[in-house]
Amino acid sequence: MQAQPRTLFDKVWSSHVVADLSGGVSLLAIDRHLLHDLEGGGSLRRIAGRGLKVHNPELTFGVPDHAVATAPDRRADSTPNSSRLLSEMKERSKESGVTYFDLGTEGHGIVHVIGPELGLSQPGMTIVCGDSHTCTHGGLGALAFGIGATEVMHVLATQTLRQTRPTTMRVTLDGRLAPSVAAKDVILATIGKIGAGAGRGHAVEFAGSAIREMSIDERLTVCNLSIELGAKIGMIAPDDTTISYLAGRPYAPQGELFDRACEHWRSLPSDDGARFDVEHRIDAAAIAPQVTWGTSPQDVIAVDQRIPDPAHESDPQRRRAMEAALAYMGLTPGQALEGTPVDWVFVGSCTNGRLSDIREAARVVAGRKVAPNVLAWVVPGSESTQRAAEREGLDKIFLSAGFEWRKSGCSMCAGINGDTVPPGQRSVSTTNRNFVGRQGPNARTHLASPAMAAAAAIAGCIADARKLV
Amino acid sequence: MEKFTRVTGVAVPLMRANIDTDVIVPAKRLVGHQRDELGGFAFEAHRYRPDRTDNPDFVLNQARYRGAKILVTGENFGCGSSRESAVWALAGFGFHCVIAPSFGDIFFNNAFQNGMLLVCMAKDEVERLAADVEGSVTPVMTVNLVSRAITAPSGAETPFEIDAERRQALLEGRDEIGMTLARDAEIRAFQACDRAVRPWIYRTAPQDTESA
Ligand code: SF4
């Protein structure tokens, strides 16, 4: 008898079930646990305080990213909180046998950038981290999701999690992307189309020809914003692109083990005829460069469209949210976004802080100058991204245009290290959240791709990158 | 974790969709503050004016909703960041229960881990409850986990559904880490089998490679 066709998600989930608990809850084995500076040290301390040991320190990796300074001359104690957080995390990691990627080392960077880059994140793995953008690692075909602080403790103590199985959703994106349209535009347009809550309760698989043609960096960007679709899990089936990406990475398997792993990875993609609880199809060829206008990633339009009018919205809750968003952003319905003056431009984060993102921004910036009204930063997602970009001379392009070229970390994405957009100022940012106060109190954030952010820096206002390349 | 059976107290309606955890507690409060200090920063961006006096327009600041224990709110509440601080801030503010049409997935798990009850109800039922609260002289509500019913300020009763496992965990005030550790033999047996099938998962020393 033919076995039931299964989805990528089904295969990875079922192979990690240690036990079925009552009420539809599974005890799930965890392959990689990533710690960051906000909770890492404290969680290790609390585990020790309960007299417990880290169950599998060899599967646990930590890196400081949220609270660290990003100034070129930064040190562990450059921000008021980083000194305490980093020293505790470093000490506790050492004590419990957890690998710690310190500032200034090749492995340092934003946790969701270094996981793939070091080859720590691999297809078919369960990967968790106390951070909602853990879904990023799904770009390699991993089942990766963010967890809360109590769950972090649970994983440290048991290397498992109690989870209710989500339902499945497939978003099929077919068609060839138009020039100057990036992975970021694809996922923002998807969220704009199906909504910031559409993925809730689902594990989402992104599929279709547009996804298959993407590089791993681009797939990571798409999966990074799964949580902005409401889904804590986003995945893309591993293929030749995935395998050649992983080959030779420091923590990827080597030699005969690599071949065995590849064989396993090739068995993971969803079978023909596999059933998803929900299906969406989107024409990727029709997507134009996107910019958000509001305070939810679903408040997004193509750069040449006009801001929608809440008066035309029939759902009263949604209408109120739109009105509040426009008031916060200082924008008027019907207005064109293109041409709106900006104060800040930020290129970086676990969404768009990888080498290919920096290259895309550099392509727009090359030979041009940042507009006098704009402060513009590039914060590479990791130390090794930074070094690779410098080997290509990209830092020079940005510096001579008037950008700041900084050190790896989360920086202005959430402003936890003090890198914030001042109140009332407008930024175009390659990050993933335009929430109220996300980049600083009363900061006004427009999410966009690296090319679009670079275009805004040069033009001094929201601009269409297609006109600049 | 403390046991949860029922809560009776002031309910406050905050009827907006997509209230994210950055709004519930801003990122800058995630460092340098203890868990039990976060209540003062709940909904910080809305609650205070720039001079840090209370913003009278924000519903949580209205006199009739002082000391609220139950929050009635819009769809996708708690979306965004995984910060458990959002739950600690709500708890610190005094909330024991949140009622909404739907919740962010990670927030949902976090709340139950901290003994906070989240009740999912159809959108029109939540809106009816909110209207009942707004129209009442004293906006006091009871959410009873034992009988799985809400008594609105008007006295109207609404039953609610809740996952049996989560309900039991709250009623007993369970410690999940302890319960899972009791299954450690199973976990180790799983890992031993898995190690034979997928040995590369457990080989985590860095390999010598030319840096990419
Ligand atoms: S870059 Fe931003 S979204 Fe990514 S982990 Fe850091 S703070 Fe979170």
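Filtered by the rule that a residue be open to solvent by 20 Å² or more (accessible area, probe 1.4 Å) and within 16 Å of the ligand (Cβ to nearest atom), the stretch A:385-414 gives A:Arg406, A:Lys407.
Considering the conditions (1) open to solvent by 60 Å² or more (accessible area, probe 1.4 Å); (2) of a type outside the set (Phe, Trp, Tyr); (3) touching a residue at least 12 places away in the same chain (Cβ under 8 Å), A:Arg320 is excluded by exactly one of them, (3). Put simply, of A:Thr99, A:Thr126 the only residue that is away from the ligand (no atom under 16 Å from the Cβ), touching a Gly at 6+ places or on another chain (Cβ under 8 Å) and within 25 Å of A:Asp217 (Cβ to Cβ) is A:Thr99. A Cβ distance below 7 Å, combined with a sequence gap of six or more or placement on separate chains, defines the contacts here; from the stretch A:1-29, residues that are open to solvent by less than 30 Å² (accessible area, probe 1.4 Å) reach residues that are among the small types (Gly, Ala, Ser) and in a loop (DSSP other than H, G, I, E, B) in the pairs A:Thr7/A:Ser270; A:Thr7/A:Ala274; A:Leu8/A:Gly141; A:Leu8/A:Ala237; A:Leu8/A:Ser270; A:Val12/A:Gly124.
Can B:Glu44 be described as away from the ligand (no atom under 16 Å from the Cβ), charged (D, E, K, R), without any contact (Cβ under 8 Å) to a residue 40 or more places away in the chain and out of contact with any Cys (no Cβ under 8 Å at 6 or more places or on another chain)? Yes. Looking at this structure, is A:Leu86 buried (at least 21 other Cβ atoms within 10 Å of the Cβ), more than 14 Å from the ligand (Cβ to nearest atom), more than 12 Å from every other protein chain (Cβ to nearest Cβ) and over 14 Å from A:Ser43 (Cβ atoms)? Here the answer is no, as A:Leu86 does not meet what is asked. Scanning the stretch A:54-82 for residues being open to solvent by 50 Å² or more (accessible area, probe 1.4 Å) and not in a loop (DSSP other than H, G, I, E, B) gives a total of 1. Note on the stretch B:138-212: enclosed helices (runs of 4 or more DSSP H) holding 3 or more residues that are within 8 Å of another protein chain (Cβ to nearest Cβ) and surrounded by 15 or more Cβ atoms within 10 Å (Cβ to Cβ) are B:176-181, B:184-197.
Inside the stretch B:32-55, residues that are open to solvent by less than 80 Å² (accessible area, probe 1.4 Å) and out of contact with any His (no Cβ under 8 Å at 6 or more places or on another chain) make up a count of 14.
For A:Ala327, are the conditions met, namely being open to solvent by 30 Å² or more (accessible area, probe 1.4 Å) and not assigned by TED's automatic domain parsing to the domain that holds A:Gly141? Yes: the conditions hold for A:Ala327.
Only strands (runs of 3 or more DSSP E) whose full extent lies in the stretch A:358-469 are considered here, and the ones with at least 2 residues that are within 14 Å of chain B (Cβ to nearest Cβ) are A:444-447.
Condition check ((1) in contact (Cβ under 8 Å) with a residue 40 or more places away in the chain; (2) not assigned by TED's automatic domain parsing to the domain that holds A:Val18) across all residues:
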position	(1), (2)
A:Asp185	yes, yes
A:Gly208	yes, yes
A:Tyr245	yes, no
A:Leu257	no, no
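Yes/no matrix, rows are residues, columns are (1) within 15 Å of the ligand (Cβ to nearest atom); (2) more than 14 Å from chain B (Cβ to nearest Cβ); (3) more than 30 Å from A:Asp272 (Cβ to Cβ):
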| residue | (1), (2), (3) |
| --- | --- |
| A:Glu58 | no, no, yes |
| A:Arg74 | no, yes, yes |
| A:Glu91 | no, yes, yes |
| A:Ser132 | yes, no, yes |
| A:Met153 | no, no, yes |
| A:Gln159 | no, no, yes |
| A:Val171 | no, yes, no |
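Got a sec? Which strands (runs of 3 or more DSSP E) wholly within the stretch A:242-347 have at least 1 residues that are within 16 Å of A:Gly195 (Cβ to Cβ), of a type in the set (D, E, K, R) and in contact with a strand residue (DSSP E or B) (Cβ under 9 Å, 6 or more places away or on another chain)? Filter on the stretch A:242-347 gives A:278-283. Just one of (1) within 11 Å of another protein chain (Cβ to nearest Cβ); (2) part of a loop (DSSP other than H, G, I, E, B) fails for B:Asp51. It is (1). Contact map, the stretch B:90-117: residues that are away from chain A (no Cβ under 14 Å) paired with residues that are basic (Lys, Arg) and surrounded by fewer than 22 Cβ atoms within 10 Å (Cβ to Cβ), Cβ distance under 8 Å, separation 6+ or inter-chain. Pairs shown: B:Gly92/B:Arg35; B:Gly94/B:Lys69; B:Phe95/B:Lys69; B:His96/B:Lys69; B:Cys97/B:Lys69. When the stretch B:84-129 is limited to residues that are out of contact with any helix residue (DSSP H, G or I) (no Cβ under 9 Å at 6 or more places or on another chain), in a helix (DSSP H, G or I) and farther than 30 Å from B:Leu30 by Cβ, the one that is most open to solvent (accessible area, probe 1.4 Å) turns out to be B:Arg128. Residues considered: B:Val72, B:Val10, B:Val87. Of these, the only one that is of a type in the set (A, V, I, L, M) and under 26 Å from A:Leu161 (Cα atoms) is B:Val87.
Restricting the first member to the stretch A:331-354 and to residues that are under 15 Å from A:Ala443 (Cβ atoms), and the second to residues that are away from the ligand (no atom under 16 Å from the Cβ) and part of a helix (DSSP H, G or I), the beta-carbon pairs closer than 6 Å and six or more apart or on different chains are A:Val342/A:Ala456; A:Val345/A:Ala456; A:Val345/A:Ala457.
For residues that are out of contact with any Ser or Thr (no Cβ under 8 Å at 6 or more places or on another chain) and small (Gly, Ala, Ser), scanning just the stretch A:98-127, find the one that is nearest to the other protein chains (Cβ to nearest Cβ). Ranking the candidates gives A:Gly119 first.
The values are calculated or read from the model by the stated rules, or taken from the named source; none is laboratory data. Quick caveat: nothing in here was measured; it's all calculated off a predicted structure. We place every Cβ from the backbone using ideal geometry, glycine too, and count neighbours over all the protein chains shown. Surface accessibility is based on the protein's heavy atoms, side chains included, excluding ligands, DNA and RNA. Shrake-Rupley method; radii C 1.70, N 1.55, O 1.52, S 1.80 Å.
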